[in-house]
Amino acid sequence: MKTQRKDHYLTISEFSRISEIKRKTLIFYDNIGVFSPKHTASNGYRYYTHDQIYVIAVINVLKEFGMPLSEIKEYTTNITPEYAIALLRKQEINLNDKIEELRSIQDMLEIKLQKLEEGASSKTDIVQIQYFKEAPVFISDPFSADRNYIPDDIWLSFYMQCKQQHISFGYPEGYLIKMENLLNGQISDVSNIMVHINDRKYANDTIPEGYYVSACGKGGLEDTKEIYDRLFTFIKERNYLITGDAYEERLIDEVGSSKKDYQITRVRIRISQKAG
């Protein structure tokens, strides 16, 4: 029987360096039968071939995707074209899902950074009229609840919807207050939960473009009464008309500060461009 010359083999150290798999991991794989060297000498030294680099690369990918070692072992002990095609097609789907998840995380981090920078430079003692461009948001199904007592099932439903749309947790959060509630002074009556999105492909709604009276205040979404008091006073004194809903967003939340006094929430109410 023809045997491969020893100088065509790679030592375990060489194979480890090329494959970027630790020696102890290679030894572990050999001991449990997941991946073994092509040749083991009488002195116990392990030797691998260059062709095995491709196999260990696939094993590493499968492991990164979370496939149990027992399933990987089943694959490596019974490698066939049919098995490989089915397995790799399945992992391709998993990889696409992972890529989408990473893109969502990147999108979340981009807008999180943007909002944190806005919050860090904001002033909590002024009210101003600002022109905002149309902004994408992902919004919950409509409901009516006090902001301090939103039922858990509403939150759960919203989080599950976010998950189904590959929306990562961590996006800047906020509430929507309907125009009719604003006109009645019912700023505690929340109509929707929403997250502020950077990439429109994750959005299911938008904040309309237009002029808004806006103000920032310290604290979270439960601490907005003082902000609304200032906004309503500003609108009344200047005889503006409320022409749309109010949109709340946390610029600085627990990610930016563990202290409530350093957290910042912004509220904007759509108004007529000219005084009535």
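The values are calculated or read from the model by the stated rules, or taken from the named source; none is laboratory data. As the structure is a computational prediction, the values presented were derived from the model and not from experiment. Ideal geometry is used to build each Cβ from the backbone, glycine not excepted, and the neighbour counts take in all protein chains shown. Only protein heavy atoms, including side chains, enter the accessible area calculation; ligands, DNA and RNA are left aside. Shrake-Rupley method; radii C 1.70, N 1.55, O 1.52, S 1.80 Å.
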Report task. On a 0 to 90° scale, report how tilted helix 152-164 is relative to the longest principal axis of the chain, with both axes built from alpha carbons and the result rounded to the nearest 10. Result -> 50 degrees
Requested in this report: Give the residues of the stretch 36-63 whose amide nitrogen is closer than 14 Å to a point set 7 Å from the Cα of residue 14 in the direction of its Cβ.
Outcome: 38-39, 46-53
Report summary line: Relative to the chain, whose Cα atoms define the longest principal axis, helix 23-32 and its Cα axis are tilted in degrees, nearest 10, by 70 degrees
Query raised in the report: If you compute Rg and Dmax of the Cα atoms in Å for the structure shown, which of [x] 18.9, 58; [y] 24.4, 81; [z] 28.7, 98 do you land on?
Result: [z]
Report task. Could you work out the relative contact order of the chain, using alpha carbon pairs under 8 angstrom and six or more residues apart, expressed as a whole percent? Result -> 17 percent
Query - Alpha-carbon centroids, the stretch 215-249 and the stretch 145-169: separation in whole Å - result: 24 Å
Report task. Can you pull the one-decimal nm distance between simple spin-label points at residue 146 and residue 51, each 7 Å off the Cα toward Cβ? Result -> 7.4 nm
Query raised in the report: Between residue 160 and residue 22, what length in nm is gained on full extension when 0.36 nm per residue of separation is reduced by their alpha carbon distance?
Result: 45.8 nm
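Per residue, how large is the accessible surface of the chain? Use a 1.4 angstrom probe and give square angstrom.
With all protein chains present, the chain gives 59 Å² per residue.
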Query raised in the report: Once the Cα atoms of helix 225-237 and of the chain are each reduced to a long axis, what angle between those two axes, in degrees from 0 to 90 to the nearest 10, is obtained?
Result: 40 degrees
